[in-house]
Amino acid sequence: MLTGKTWFPAIRFSGPRGGLKAATSASVAAKCLRRQPNHLHGGGSGDGLKRGRALGCWGMRAIRQERGLSQASSSAGKAAAAPTFQQAIQRLQTYWSEKTKCVVWLPHSTEVGAGTMNPATFLRVLGPEPWHVCYPEPSIRPDDSRFGDNPNRVQRHTQFQVILKPEPGNAQELLLGSLETLGIDVKKHDVRFVEDNWESPALGSWGLGWEVWLDGMEITQFTYFQQAGGMQTDPVSVEITYGLERILMSLQGVSHFKDIRYNADVTYGELFLQNEYEMSCYNINEASIEDTRQRFQLFYKEGKELIEKNLPVPAYDNLLKASHAFNVLDARGAVGVTERAKLFAQMRNLSRDCAELWVERREELGFPLGESRLADTKGEEARGSSKLEPLLGADDFLLELGSEELPADEISSVSKQVVSKLTELLGDLHLDYDEVVASGAPRRVFVVVKNLAPKQEDRVEEVRGPPASIAFDGEGNPTKAVLGYCKKNGVSVEDIELKADKKGTEYCWVTKKVQGEVTGELLSSRLPDVVSKLQFKKSMRWNSKATYSRPLRWIVAIHGGQVVPFTACGVTSGRISLGLRDGFHVPSIDIPTAASYLAQMESNRIMVDMEERQGVIWDDAQDLARASGGQIPESMKEGLLPEVTNLVEYPSAILGGFDKDFLKLPKDILVTVMKKHQRYFPVEDGDTGQLLPVFVTVANGEIDEDTVRAGNESVLTARFEDADFFYKLDMEKKLSDFRPLLEGTMFQKDLGTMLDKADRTDALVGELAEAMDLTHAKEVALQASHLSRADLATSVVMEFTALAGVMGKHYALKDGLSIDVAEAVFESVLPRNASDVVPKSEAGIVVAVADRLDSLVGLVAAGCAPTATADPYGLRRIANGMLQTLIQNEVDLDLKQSIDAAAEKQPIQVTGEQRGQAHEFIVRRLEQLLADDGAPREVIRSVLAERNENPHLAVATVKELAGLYKTDEFAGVLASYSRPTKIVSGKEVDRDWAVDESLFQQEEEKALWAAYKEVEAAMKPRPGSRSAVSVGTFVAASRTLETPLENFFNSVFVMDEDDDTRKNRLAMMRDIASLPGGLLDLKSLPNF
């Protein structure tokens, strides 16, 4: 009989590299650096995507050695009371099978990246059959291979998957109940639903939902499936995915996945550490890239053949196998941007085939599990048992739209929309009121109309009817048209008055008295439209075909104390709101009157006003920061504060701390982890700007402060330790040592690797520096360019992709390079988005433009140009970034010449047509940027028709013309050029015809030609000058033509009978008409 833990000796096994603990940091660095940087991927892998990584990466470390034996003893007691890994699975299976009658399913028989990919989810969420299922799923993520060294990341982790189809209406509360089952007291902890929209491009699948955070740690993902395999889901399924390793590490208080108690006798490490090490060796080092590529194509081919044989289940298995092959290639760093797009397209194609065929086969079987469809709520009407009586006087009106947690950035937008739409509605309904105010919180948006009238005022209206010619026949008798008009308006024919409009056409008019209607009745019929027309960045369905940002669960609509009944999105209005969740119980709040709403919310500890909530959060957070001897940077007000404000309904600021040893890490890493990953406020020394070892987090509702603080500290510690692990790996090398590793990453199959692209950029930098007249920055630009992509291969950037460029600068300075070179390395990635800053140093400008120009020209030549509906390689963003850099820095660059220079360095031929296509694409982006900036379209077209080679010059010209083209002075110039242009338009005027002054017969010809030469001289740039002629110069010079032109046309006939005279005069008209060339196309302007 086996006893104790001696029966499984894996952790003492001497493996192929000298034992499981022999993988030192240096060796792991070499292995990990072979992986492809995530932000070059354009997304997650085929079968795991974000789910596998999000739930398998981070564990909560509740124990730090520095905290002493007393806390370790406490944690030991906690671990003893917590469920084992095995018990957690059993408890979840029991809970969901009893609560929702879930079928207890089994893990799938082939590798999947997430529980989503098990056929019990992917196929079963399709079609109308109800389906409740739960199961544990070992999820394989080769890219997360860490040889067992990383305490928080494993290539094989376990998810627990739940599918509820159709969605039950209380899935969030059911989830919270399941956490109680695992031993988590949700009343003590800060449990939050934080927006997380899931998408799998490879599978044509997406859904909206949340990450579920427990004291700052993501423990589950919660998604309403909207599409799978390219097919809309009907009904909608709820998916709940638990990350078991991280939950159990938290519950058991252990700091490494291997120490999780799997059952009473064996640990997780004793079961799986050897597997983790050996599979990491395979995934990172040993898997044959060529063989794996072949396997992908074989699995794909067999899957397509099985579709032809009407076998969707084995076809789907082959899709999973192909997807896993893709993940292995990804881990080996063998998939570039273009190949990724190609493989994604193949997987998406096969997944769509599997999905469609699965539904067809189930339909052939008659949908054995039954049918459940989304309700059609179109045409919903208000529900009320009797007509509403008018209030005795004006009173407040309240509309509260209660939902599951809205995305933080939607709340302000929706509040403004509600105000706008309700204000417009009240105007249409002729209802008097004082003001309309609105605000919101994660689970509600509300609007209050102050002193809304109880009913419309009685009024007199004039109503136009049909024309008199139609209303009465030839004998003056009323026709059916006018009789119907009279009946509709409750008047007789005798009440009609004939009135003529501006064109003299007589129409029938009647004046009628309109009795004002009750406000509640009017709103009852119109409010459904207000709700249905709200716009969101992303909308979803849940239990009907109606859409909203997240499921709408309740509506409060009260005028005074009277409920205004209506139905929207399947929800009927009333006076009951919902409060903060008390564990998995949600208390009801009765709202007696609209005027009492704010007080009712406050008494139930809900701070519904955004501005008030934001002010409280900032003040409380700064108070805590000051108490610790620091302050929160003002910059946190810009992005982080509004987001945190809309993540909570009742804020509780908590000060936490971390080990000061972490301050040895670069500040940018620490701030990125705190701000972006955890939504914590970092705290700085007010004098030096240095970080302090504290942070402020904001919890939601009443919680146990010590419990929540400890949890958040543990989560941050785990994240910092991972960052420290990656940073130390990077510090073992110079930045230049990472550059050769770019050879392992494919940029595009026809354009080579990322290293090839870096070499092309280096070769282009020198030429562009001269073309931009920035030759004095050439040497620095060349040094920076050589290192500008190197940090993509560093561990820190692979983990924290937003730090690309930031870490390049840091590592460059660490290696002793000049600040100018380091700054240009950082600026090479700018701008990273539309609102980002652009490079400012001359070297940074050159490198940033060179990198983007190479991408644009190469990808267009490789057939990767955007379409009207898709831009998989982000070329629009790349072009915009290049243009913004040139424009904001007022740098001149000839696009056509630069495109030619970039084209000559491509590994494939770039034809003249493709060069023109690249140029046209950039010009169209410039046109859009100018339009977005408010420039008139006709002005943009006029300038870009002549000055599209130089973006900075084009923008300056557009701005100048926009200020002049509607002036009288410019109108005179426009008129001057209009007639010569029209005379030569459509006529054959040979370019070789030169004006011969000896053929002039009249003084007006001589005077006009003299004026022409004066304007021509003024339009030529000074020798040696790079500046171009301005619109102002053109207008001032062109005034010289006005009188000579007028005299010429009054006295001279252009189309003279004499052939030589006619040609000479046409040539002069041609030359005059061409004067604006290179500056403006006057034909594009109005009134030309």
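Tabulated results
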quantity: Residue ID - modelled with the lowest pLDDT, chosen from residues in region 483-527 that are open to solvent by 20 Å² or more (accessible area, probe 1.4 Å) and under 30 Å from Gly574 (Cβ atoms); calculated: Gln515
quantity: Helices (runs of 4 or more DSSP H) wholly inside region 592-650 that include at least 1 residues being under 26 Å from the mean Cα position of the chain (by Cα), at negative phi and in contact (Cβ under 8 Å) with a residue 12 or more places away in the chain; calculated: 610-627, 640-645
quantity: Members of region 226-258 found to be small (Gly, Ala, Ser) and either touching a Ser or Thr at 6+ places or on another chain (Cβ under 8 Å) or under 16 Å from Pro128 (Cα atoms) (or both), listed by number; calculated: Ala228, Gly229, Gly230, Ser237, Gly243, Ser250, Gly253
quantity: Test for Val531: is it of a type outside the set (Gly, Ala, Ser), within 23 Å of Arg459 (Cα to Cα) and open to solvent by less than 20 Å² (accessible area, probe 1.4 Å); calculated: no
quantity: Sole residue being in the same structural domain as Ala879 (by the TED database), in contact (Cβ under 8 Å) with a residue 12 or more places away in the chain and closer than 23 Å to Ser1030 by Cα, chosen from Leu944, Leu926, Leu964, Leu953; calculated: Leu926
quantity: Test: Ile878 is of a type in the set (Val, Ile, Thr) and either open to solvent by less than 20 Å² (accessible area, probe 1.4 Å) or within 18 Å of Arg947 (Cα to Cα) (or both); calculated: no
quantity: Pick from region 133-151, criterion touching a residue at least 60 places away in the same chain (Cβ under 8 Å) and more than 28 Å from the chain's Cα centre (by Cα), ranking: nearest to Phe225 (Cα to Cα); calculated: Pro136
quantity: Every residue from region 998-1012 that is charged (D, E, K, R) and loosely packed, with under 13 Cβ neighbours inside 10 Å; calculated: Glu1003
quantity: Among residues of region 967-981, those that are touching a residue at least 24 places away in the same chain (Cβ under 8 Å) and among the acidic types (Asp, Glu), counted; calculated: 1
quantity: Check on Thr957, among the hydroxyl-bearing types (Ser, Thr, Tyr) and over 20 Å from Val1052 (Cα atoms); calculated: yes
quantity: Every residue from region 387-425 that is in contact with a Phe, Trp or Tyr (Cβ under 6 Å, 6 or more places away or on another chain) and either hydroxyl-bearing (Ser, Thr, Tyr) or outside any loop (DSSP other than H, G, I, E, B) (or both); calculated: Leu398, Glu400, Gly402
quantity: Any hit, region 62-80, residues being crowded, with 19+ Cβ neighbours inside 10 Å, in contact with a strand residue (DSSP E or B) (Cβ under 6 Å, 6 or more places away or on another chain), at pLDDT below 85 and not assigned by the TED database to the domain that holds Pro235; calculated: no
quantity: Residues of region 611-629 satisfying the condition of being aliphatic (A, V, I, L, M) and open to solvent by less than 30 Å² (accessible area, probe 1.4 Å); calculated: Ile617, Ala621, Ala625
quantity: Hey, Gly686 farther than 22 Å from Ala802 by Cα, at pLDDT 95 or above and not charged (D, E, K, R) or not; calculated: no
quantity: Enumeration of residues in region 839-872 that are buried (at least 23 other Cβ atoms within 10 Å of the Cβ) and not in a helix (DSSP H, G or I); calculated: Pro839
quantity: Filtered residue count, region 304-363, keeping only those that are more than 26 Å from the chain's Cα centre (by Cα), under 19 Å from Met746 (Cα atoms) and of a type in the set (Lys, Arg); calculated: 1
quantity: Some residue of region 998-1006 being outside the structural domain of Gln888 (by the TED database), aromatic (Phe, Trp, Tyr), assigned to a helix (DSSP H, G or I) and modelled with pLDDT of 90 or more; calculated: no
quantity: Residue that is farther than 19 Å from Arg581 by Cβ, open to solvent by less than 10 Å² (accessible area, probe 1.4 Å) and not hydroxyl-bearing (Ser, Thr, Tyr), where the choices are Gln226, Gln221, Gln172, Gln232; calculated: Gln226
quantity: Enumeration of residues in region 728-745 that are open to solvent by less than 30 Å² (accessible area, probe 1.4 Å) and either modelled with pLDDT of 95 or more or not aliphatic (A, V, I, L, M) (or both); calculated: Asp730, Leu735, Phe738, Arg739, Thr745
quantity: Count of residues meeting criterion [surrounded by fewer than 21 Cβ atoms within 10 Å (Cβ to Cβ) and under 21 Å from the mean Cα position of the chain (by Cα)] in region 417-443; calculated: 1
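The values are calculated or read from the model by the stated rules, or taken from the named source; none is laboratory data. Remember, predicted model here, so these are calculated numbers, not experimental data. Cβ atoms come from the backbone with ideal geometry, glycine included; neighbour counts cover every protein chain shown. Side chains included, ligands, DNA and RNA excluded: accessible areas come from the protein's heavy atoms. Shrake-Rupley method; radii C 1.70, N 1.55, O 1.52, S 1.80 Å.
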